[in-house]
Amino acid sequence: MVGRGSCKRQLQAALLRLLCLIPTGLPVRSVDMQRTTDNITIRQGDTAVIRCIVDDKVSKVAWLNRSNIIFAGEDKWSLDPRVDLVTKGQEYSLRIQKVDVYDEGPYTCSIQTQQLPKTSQVHLIVQVPANIYNISEDILVNEGENVSLRCLANGRPEPIVSWRLLNPSAEPLESDEFVEITGITRSQAGRYECKATNDVSTPDVKYVNIVVNYPPFIKDVKSSETQVGHTGVLQCIASAVPTPEFAWYRDEKRLSNTQGIQIQILGFRTILFVSNVTEDDYGNYTCVASNKMGIHNASLFLYKAVLPTIKYPARGPGTGKDINGSACLAQSMWLLLASIACLFFKC
């Protein structure tokens, strides 16, 4: 306690000596002592104005930062080009442009009156927007493995870090700089957002893409019913990461692009065209999808199309032509003509 009292007395003595060194005759005024201590919160990069109001009873005035003299009267002692005075009427304010974190701390407006020295102290608090300075790179992983996500941020006050998968059906993640995903599944693949916020400015946001490899799964097939001489079309659609390779088989024989057979592969879909179908082409076909994670197959069929039977409507009496009756009438006419010819030529 003795040491602290001694330091306090030495500081007061130094302040008095400082005020005695300040030149007189300056247009200065006394500090408005209604609030002797105050806090000013400013965002990094903005301009801070620390106000001090004086009156005619003051003989000397100065600005100090901790034990460093910034201004004595209107004489600038600081070498910092960002710092200047604002003197308008009774105002004797300190202005700091492009405030940074090292500007934070106590600032003292010290005055000398006819009686005793008086001070008004302001504590400058510098806030720094949240900034993500370290985040995981994009990740490629196999299904079932564990994944660690990292998102480190700084700021003043300390920012809150949160993660989320940009998928409406995704479950919420922990709000932490580090996130562990145990046994990742294909549904957890996608774009992950890390957000750091401390209400100083707009949140800082960065992203990590996670690609999950998994084996193929044939999710849709389309068989075909085709007439002889026409083209049969079989289709197979698979889901997989990485993109699968496709193959077509008939029995145990792998098919290729030959006369009458055409295979198309369009990303996750493959189409088999069998042109000018014959009786031998009908039957079972196999679609095979594979990648480095595994293999999956499915059976499809090329069926013979059955032509529909055409049924004519029954005719009622007196409608249409009676084919049997016409035949009988024609036969009778020929017999009549033959008889007349025979009589004419006296057969």
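Here the strands (runs of 3 or more DSSP E) wholly within segment 208-270 that include at least 2 residues being open to solvent by less than 60 Å² (accessible area, probe 1.4 Å) and not small (G, A, S) are 232-241, 245-250, 261-266.
When you check F273 against the structure, is it open to solvent by 80 Å² or more (accessible area, probe 1.4 Å) and at pLDDT 95 or above, yes or no? For F273, the condition - open to solvent by 80 Å² or more (accessible area, probe 1.4 Å) and at pLDDT 95 or above - is not met.
When I184 is tested against (1) open to solvent by less than 50 Å² (accessible area, probe 1.4 Å); (2) under 25 Å from P242 (Cα atoms); (3) at pLDDT below 95, only condition (3) is not met.
Listed residues S78, S59; which is farther than 19 Å from V126 by Cα and within 50 Å of the chain's Cα centre (by Cα)?
Details: S59 fails: within 50 Å of the chain's Cα centre (by Cα).
Within the list S78, S59, the selection yields S78.
Farther than 16 Å from V208 by Cα, touching a Cys at 6+ places or on another chain (Cβ under 6 Å) and either open to solvent by less than 50 Å² (accessible area, probe 1.4 Å) or touching a residue at least 12 places away in the same chain (Cβ under 8 Å) (or both): does that describe S120?
Working: farther than 16 Å from V208 by Cα: yes; touching a Cys at 6+ places or on another chain (Cβ under 6 Å): yes; either open to solvent by less than 50 Å² (accessible area, probe 1.4 Å) or touching a residue at least 12 places away in the same chain (Cβ under 8 Å) (or both): yes.
In short, yes.
Contact map, segment 221-243: residues that are among the aromatic types (F, W, Y) paired with residues that are open to solvent by less than 60 Å² (accessible area, probe 1.4 Å), Cβ distance under 9 Å, separation 6+ or inter-chain. No pairs are found. Annotation: V99 fulfils all but one of (1) within 22 Å of G45 (Cα to Cα); (2) open to solvent by 40 Å² or more (accessible area, probe 1.4 Å); the unmet one is (2). Listed here are the strands (runs of 3 or more DSSP E) enclosed by segment 125-174 that have at least 1 residues being open to solvent by 60 Å² or more (accessible area, probe 1.4 Å) and touching a residue at least 40 places away in the same chain (Cβ under 8 Å): 139-142, 147-156.
The values are calculated or read from the model by the stated rules, or taken from the named source; none is laboratory data. These figures come from a predicted structure and were not determined experimentally. Here the Cβ is made from the backbone with ideal geometry for all residues, glycine too, and neighbour counts use every protein chain on show. Accessible surface areas use protein heavy atoms only, side chains included; no ligands, DNA or RNA. Shrake-Rupley method; radii C 1.70, N 1.55, O 1.52, S 1.80 Å.
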